[in-house]
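Worksheet: one structure, shown below.
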Amino acid sequence: MPGGAAQSAVILFAHGARDARWAEPFLRIASKARAAAPTLIVEVAYLEHLEPNLEQAARRLAKLGAKAIRVVPLFLGRGGHLRVEVPKLVAAAQAALPGVAIEVARPAGEDDTVIDALAAYCVRAARQR
């Protein structure tokens, strides 16, 4: 990190699955995010089954100098995980890293650009023969 300056960081937070191949699209998203914003520190974390979990990812980012972390839930909607479990996980990470601000963005599926992209994909998929 240049000159030890505080860095902003993002955790792309996904559900997780027992099959590690499930994570491949999320790793691609992380790679594209890094390419689009080279000064942003990007980690992927999972709610269950895969590592790192949210706190592990936040600790990695803090070790890299992050003072502000935005958790971006790569979920389509705000179900029980995002309403109940994620606030608890964020509170635990925040308690473990008192010098780091951790905030949660809206789920990706609540973003109009994401919804537009998914709708366009659905139309393309329906028209493919």
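The values are calculated or read from the model by the stated rules, or taken from the named source; none is laboratory data. Everything numeric here is computed off the predicted structure, so don't read it as measured data. Positions of Cβ are backbone-derived with ideal geometry, glycine not excepted, and every protein chain shown enters the neighbour counts. For the accessible areas, the whole protein counts, side chains as well, though only heavy atoms, and no ligand, DNA or RNA atoms are used. Shrake-Rupley method; radii C 1.70, N 1.55, O 1.52, S 1.80 Å.
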TODO: Answer yes if at least one residue in segment 24-39 is of a type in the set (Val, Ile, Thr) and in a strand (DSSP E or B), and no otherwise.
DONE: no
TODO: Would you be able to tell me the number of residues in segment 63-93 that are out of contact with any Ser or Thr (no Cβ under 9 Å at 6 or more places or on another chain) and farther than 27 Å from Arg18 by Cα?
DONE: 3
- [ ] Could you please find all residues in segment 77-86 being surrounded by 12 or more Cβ atoms within 10 Å (Cβ to Cβ) and in a helix (DSSP H, G or I)?
- [x] His81, Leu82, Glu85, Val86
Task: Matching residues in segment 93-105 - criterion: being open to solvent by 40 Å² or more (accessible area, probe 1.4 Å) and touching a helix residue (DSSP H, G or I) at 6+ places or on another chain (Cβ under 7 Å) - done: Val104
- [ ] Please tell me if Glu51 is free of Cβ contacts under 8 Å to residues at least 12 places away in the same chain and either open to solvent by 60 Å² or more (accessible area, probe 1.4 Å) or in contact with a Pro (Cβ under 7 Å, 6 or more places away or on another chain) (or both).
- [x] yes
Open item on the list: Whether any residue in segment 2-25 is open to solvent by less than 50 Å² (accessible area, probe 1.4 Å), among the β-branched types (Val, Ile, Thr) and touching a residue at least 12 places away in the same chain (Cβ under 8 Å) is what I want to check.
Closed with: yes
Task: Residues located in segment 115-127, provided they are small (Gly, Ala, Ser) and surrounded by 10 or more Cβ atoms within 10 Å (Cβ to Cβ) - done: Ala117, Ala119, Ala120
Task: Positions within segment 5-51 being among the hydroxyl-bearing types (Ser, Thr, Tyr) and touching a strand residue (DSSP E or B) at 6+ places or on another chain (Cβ under 7 Å), in sequence order - done: Ser8, Tyr46
Open item on the list: Name the residue that is nearest to Gly65 (Cα to Cα), counting only residues in segment 28-47 that are exposed (fewer than 12 other Cβ atoms within 10 Å of the Cβ) and of a type outside the set (S, T, N, Q).
Closed with: Pro38
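Let's see how each residue does on (1) in a helix (DSSP H, G or I); (2) surrounded by 10 or more Cβ atoms within 10 Å (Cβ to Cβ); (3) over 14 Å from the mean Cα position of the chain (by Cα); (4) of a type in the set (A, V, I, L, M):
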residue: Glu55; (1), (2), (3), (4): yes, yes, no, no
residue: Ala58; (1), (2), (3), (4): yes, yes, no, yes
residue: Lys67; (1), (2), (3), (4): no, yes, yes, no
residue: Val71; (1), (2), (3), (4): no, yes, no, yes
residue: Phe75; (1), (2), (3), (4): no, yes, no, no
residue: Ala91; (1), (2), (3), (4): yes, yes, yes, yes
residue: Gly109; (1), (2), (3), (4): yes, yes, no, no
residue: Thr113; (1), (2), (3), (4): yes, no, yes, no
residue: Arg129; (1), (2), (3), (4): no, no, yes, no
